[in-house]
Amino acid sequence: MGRPASSTVRAGALRAPRTEAPSTVLASRLAAEGAHVRCWDPLARHDEAEPWMSATRYASPEEAMDGADAAVVVTEWPQLKDVDWARAATAMRQPVLFDGRNLLDPVRMRELGFTYMSVGRP
């Protein structure tokens, strides 16, 4: 497979139908654009359909982000607040972080060196 063009920190969007979950829509689009999707999901099922069958799964968010060009936070798993974001920023090839849930502190993420984007706030 090619280089990790993107990393998705994906977490069990179990409330929405699997094909409509934001993480599934995003991962499908990234894969269609040629990204190698890397993910972490503590509740992932291994019998899932695409795009998850082609994604590389990791045991921790930090492992999923190691060497990635970007990371996307799609749900509010409490474990994501405990990530060593300073280490993640230095371990990523390009520390680009899109926080789709406004889970993280934008000022802190930028201080750690991330190009940080979120929804509905600067």
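The values are calculated or read from the model by the stated rules, or taken from the named source; none is laboratory data. Quantities reported herein were computed from a predicted structural model and do not represent experimental measurements. Note that each Cβ is placed from the backbone with ideal geometry, even for glycine, and that neighbours are counted across all protein chains shown. Remember, those area values only see protein heavy atoms, side chains included, never the ligands or the DNA or RNA. Shrake-Rupley method; radii C 1.70, N 1.55, O 1.52, S 1.80 Å.
Remarks
- Selection from segment 90-108 of residues that are surrounded by 18 or more Cβ atoms within 10 Å (Cβ to Cβ) and more than 11 Å from the chain's Cα centre (by Cα): MET92, PRO95, LEU104
- Test: residue in segment 80-88 that is open to solvent by 10 Å² or more (accessible area, probe 1.4 Å), at pLDDT below 95 and of a type in the set (D, E, K, R): yes
- Within segment 63-79, considering residues that are more than 18 Å from THR115 (Cβ to Cβ) and over 10 Å from the mean Cα position of the chain (by Cα), the one surrounded by the fewest Cβ atoms within 10 Å (Cβ to Cβ): PRO78
- Residue that is surrounded by the most Cβ atoms within 10 Å (Cβ to Cβ) [pool: residues in segment 41-62 that are at pLDDT 90 or above and touching a Phe, Trp or Tyr at 6+ places or on another chain (Cβ under 8 Å)]: PRO61
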